[in-house]
1. Whole-Hz Karplus ³J(HN,Hα) for segment 75-92, in order, using 6.51 cos²θ - 1.76 cosθ + 1.60 and θ = phi - 60°, x for Gly and Pro?
2. Using amide H atoms built in the peptide plane, which far-off residues or other-chain residues are under 5 Å from R78 H to H?
3. So which trypsin sites (Lys or Arg not before Pro) in segment 43-118 pass both tests, a DSSP loop state and at most 11 other Cβ atoms within 10 Å of the Cβ?
4. Mind listing the phi-derived Karplus ³J(HN,Hα) values for segment 126-131, rounded to whole Hz, using 6.51, -1.76 and 1.60 with θ = phi - 60°, and x for any glycine or proline?
5. For Cα pairs less than 8 Å apart in space and 6+ apart in sequence, what is the mean separation divided by the residue count of segment 50-149, i.e. the relative contact order in percent?
6. Could you give each residue of segment 133-139 its phi-based ³J(HN,Hα) in whole Hz, using Karplus coefficients 6.51, -1.76, 1.60 with θ = phi - 60°, and x for Gly or Pro?
7. Lysines near K104 by alpha-carbon distance under 22 Å, same-chain residues fewer than 8 away left out - which ones?
8. What spacing in nm lies between the two simple spin-label points modelled at Q17 and C56, each 7 Å away from Cα in the Cβ direction?
Amino acid sequence: MEKGQSKLTARTLPAVQSDERLQPLLNHLSHSYTGQDYSTQGSAGKISLDQIDSLCTKSFPPCMRQLHKALRDNHHLRHGGRMQYGLFLKGIGLTLEQALQFWKQEFIRGKMDPDKFDKGYSYNIRHSFGKEGKRTDYTPFSCLKIILNNPPGQGDYHDFGFSKRDTLPGSLSEVL
């Protein structure tokens with residue numbers, strides 16, 4: 001920012017902050033997302049199952065990297081984590097068939113019976129793709145939704161928790 005602009009900002013900021021018409025906007029400014037809209041399905045690419053691990057280390061955001069690691073380590077995620085990670089994988093181009101295969105392979109590694117997976121978990125995957133239930137084609141969660149909604153409980157991994165972890169500096173440096 002140029003010197004003249006910063007002086008102008010310093011002079012006008014108190015007037016802007018005291019303007020009652022702008023207070024609602026200023027109060028909610030930190031909760032607004034101004035980035036690209038990923039809620040439409042048209043921009044989704046295509047990935048294959050064998051690309052997931054390499055993409056995770058190179059390209060996934062820290063919250064998705066954490067979910068991927070937890071899934072690979074434990075061979076299971078609780079519902080909130082499955083929803084968040086499953087919709088993310090869908091959003092980056094995993095097809096319904098690939099998603100079913102991905103989750104089933106991982107859960108079976110955790111000693112789950114294939115029939116139990118088919119009966120208890122495949123419905124939710126098909127539902128998130130709009131093939132079951134009310135047939136809504138769900139989109140990936142926004143960063144804002146991940147941060148503000150659905151707080152994780154014991155055994156959950158679906159929140160990176162920048163504001164909640166005492167070990168933030170170490171955690172942050174590990175994932176970046």
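None of the figures in this text is laboratory data; all of them are computed from the coordinates on show. Because the structure is predicted, anything quoted here is derived from the model rather than measured. Backbone-built Cβ (ideal geometry, glycine too); neighbour counts: all protein chains shown.
1. 6, 6, 9, 6, 3, x, x, 5, 5, 5, 6, x, 5, 5, 4, 4, x, 8
2. Y157
3. Details: sites: K46, K58, R65, K69, R72, R78, R82, K90, K104, R109, K111, K116; in loops: K46, R78, K111.
Answer in residue order: K46, K111.
4. My calculation for segment 126-131 gives 4, 4, 5, 8, x, 9 Hz in order.
5. Values: 73 pairs, mean separation 23.9, N = 100.
It comes to 24 percent, rounded to a whole number.
6. In residue order, the calculated couplings are x, 7, 6, 8, 8, 6, 10 Hz.
7. Qualifying lysines at Cα under 22 Å: K46, K69, K90, K116, K119, K131.
8. 4.5 nm
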